[in-house]
1. Among the residues of the stretch B:65-78, write down those that are hydrophobic (A, V, I, L, M, F, W, C) and more than 14 Å from every other protein chain (Cβ to nearest Cβ).
2. Give me a count of the residues in the stretch B:1-28 that are open to solvent by 40 Å² or more (accessible area, probe 1.4 Å) and touching a strand residue (DSSP E or B) at 6+ places or on another chain (Cβ under 6 Å).
3. Any chance the stretch B:189-211 includes a residue that's more than 14 Å from B:Cys39 (Cβ to Cβ), within 15 Å of the chain's Cα centre (by Cα) and small (Gly, Ala, Ser)?
4. Any idea how many residues of the stretch B:29-48 are crowded, with 20+ Cβ neighbours inside 10 Å and either in a strand (DSSP E or B) or within 9 Å of ligand 2 (Cβ to nearest atom) (or both)?
5. If you check B:Arg150, B:Arg124, B:Arg128, which single one turns out to be in contact with a helix residue (DSSP H, G or I) (Cβ under 6 Å, 6 or more places away or on another chain), more than 14 Å from every other protein chain (Cβ to nearest Cβ) and assigned to a helix (DSSP H, G or I)?
6. Take A:Thr190 and decide whether it is polar (S, T, N, Q), open to solvent by less than 30 Å² (accessible area, probe 1.4 Å) and at pLDDT below 95.
7. It is to be established whether one or more residues within the stretch A:110-129 are at the interface with chain B (Cβ under 10 Å from one of its Cβ atoms), under 22 Å from B:Ala79 (Cα atoms) and of a type outside the set (Ser, Thr, Tyr).
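The values are calculated or read from the model by the stated rules, or taken from the named source; none is laboratory data. Keep in mind that what you see is a predicted model, and the values were worked out from it rather than measured. With ideal geometry, Cβ positions are generated from the backbone for all residues, glycine too; neighbour counts draw on all protein chains shown. Accessible surface is based on the protein model in full, side chains and every heavy atom, while ligands, DNA and RNA are left aside. Shrake-Rupley method; radii C 1.70, N 1.55, O 1.52, S 1.80 Å.
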Amino acid sequence: MNYAWNWGVLFQSPYLGWLGQGIAMTLAVSVAAWVIALSLGTLIGVFHSGASGVVRLATGSYINLFRNVPLLLQMFLWFFVVPELLPKAAGIWLKRELPHPEVVTAIVALGLFTASRVAVQVAAGIAAVSRGQSMAARASGLSTIQAYRFVLLPQAFRIVIPPMTSEFLTIFKNSSIALTIGVYELTAQTQQIQSFTYQGFEAFTAATVVYMTIALMVTTLMTVIERKVSIPGRTARG
Amino acid sequence: MNDMVEMIRIEGLSKSYGDVAVLRNCSLDVARGEVVVICGPSGSGKSTFVKCINGIEPVQAGRIAIDGENLPSKPAAAARVRARVGMVFQHFELYPHLTVLENVCLAQIHVLKRSRDEAQEKARSLLRRVGLADKEASYPAQLSGGQQQRIAIVRALAMDPVAMLFDEPTSALDPEMIGEVLAVMLELAREGMTMVVVTHKMGFAKAAADRVVFMDQGEIVEVAETARFFAEPASERARLFLSRILTH
Ligand SMILES: Nc1ncnc2c1ncn2[C@@H]1O[C@H](COP(=O)(O)OP(=O)(O)OP(=O)(O)O)[C@@H](O)[C@H]1O
Ligand SMILES: [Mg+2]
């Protein structure tokens, strides 16, 4: 192979700046989408576990719809199709006046998609708390909302910390799909460095290292949190 | 307070899961300060009956009144009445993520709206009574089954209930821990607490119960004064049940 390695390119202006901006954008998109995914997903998961009839039909439909359509397609739908379906004024506002429409769209698409996966985990976590717990809570006169807030959810959240960690890592990696609608996140920036400098190996290696480092940091942090909130006297689960 | 003699009135209670009738037209009055033991074969509906008394299981037919107050048929609306009836479960059901003190205070604070200090004071004095004052900072999983069940009883008592329901409170315990839980229950009975106790501990029934209820196949087959029930049960089914359980 005849490749002239030049790691120095990564530290030259403007490429170092591009990498930094890419990292910042990846983190911003991931974290903002995660806020949507976690809050909406928890809400849907709670209703899905506790409700019946129309509500359960609605939550079930949300989960099936958003979980089963490929994320890339969802991203395209939100970016290219939804503005056309909306009333004209709203569509124009989305395309022209909304600041950074591609970033906002990526966040919303990623957030709504991941919310469906979070909902499934939260519902499973609540189901894993024994029926006797909710019975004891209700027997003591706690309302349904209080029973969820003080008894069921605190236990369910401990159960779902490991799957939530992997959901966050998935959102983080999936944020690279945002480059398809023009978001200059980490992967897009490395691609740009490659096309400007022809030093693609260095750029992509740098991106790989960054993704892995951040993932490792998140995993470590979550392990610390998991240990911190583990229930004393119970043997830690594997 | 109500001057009526009955603390718990149950009239014509029926419940089914789908097509399966689990309770058929059950009626029972429990007087203020009375201790009633419910026994019967497995699957006869004892647990279901007790859960219906404080409305955590909805029923298809029948009326329940606690201390003269009708239990609303909607489970959500029944919360206020339910808070006045303590319940103790076979598997304790302490909240594993909360300390002993927090377990005992939770409903006091959020249902009775007591201040944290008031709730903790109440909790501590009750924990002292059952000899577990030094465990207030422990978590349930750090305690023995007998200790957990005594704390579950304390948690219920902290709500100043007008009556207490027990569903096989000792059957998940190792034999050496049964005594400590029964002792707490006996003391409660002596102090005049109204109690409905599902148990197969016939020793407890003889020592504490005013009357014994025998259930079979979702029906209340027999209700008798304790001494009578053990000496000469009226129904053939109760006789058979007793002969089986007492020879064990
Ligand atoms: N949630 C439920 N769904 C369907 N059937 C149920 C449910 N709970 C109880 N049953 C049925 O109702 C009947 C009475 O059950 P229950 O638990 O009240 O009996 P029990 O007298 O307490 O028995 P045990 O001594 O084994 O505790 C049983 O046949 C049981 O299978
Ligand atoms: Mg039972």
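1. Correct list: B:Ala65 only.
2. 7
3. Checked against the condition, which is being more than 14 Å from B:Cys39 (Cβ to Cβ), within 15 Å of the chain's Cα centre (by Cα) and small (Gly, Ala, Ser), the stretch B:189-211 yields at least one hit.
4. Selection size over the stretch B:29-48: 10.
5. Only one candidate qualifies: B:Arg150.
6. Values: polar (S, T, N, Q): yes; open to solvent by less than 30 Å² (accessible area, probe 1.4 Å): yes; at pLDDT below 95: yes.
Yes, satisfied.
7. Yes; the residues of the stretch A:110-129 include at least one that is at the interface with chain B (Cβ under 10 Å from one of its Cβ atoms), under 22 Å from B:Ala79 (Cα atoms) and of a type outside the set (Ser, Thr, Tyr).
Residue by residue, here is whether (1) charged (D, E, K, R); (2) over 16 Å from the mean Cα position of the chain (by Cα) holds:
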| site | (1), (2) |
| --- | --- |
| A:Asn2 | no, yes |
| A:Tyr15 | no, yes |
| A:Leu19 | no, yes |
| A:Val29 | no, no |
| A:Val35 | no, no |
| A:Gly50 | no, yes |
| A:Arg56 | yes, yes |
| A:Tyr62 | no, yes |
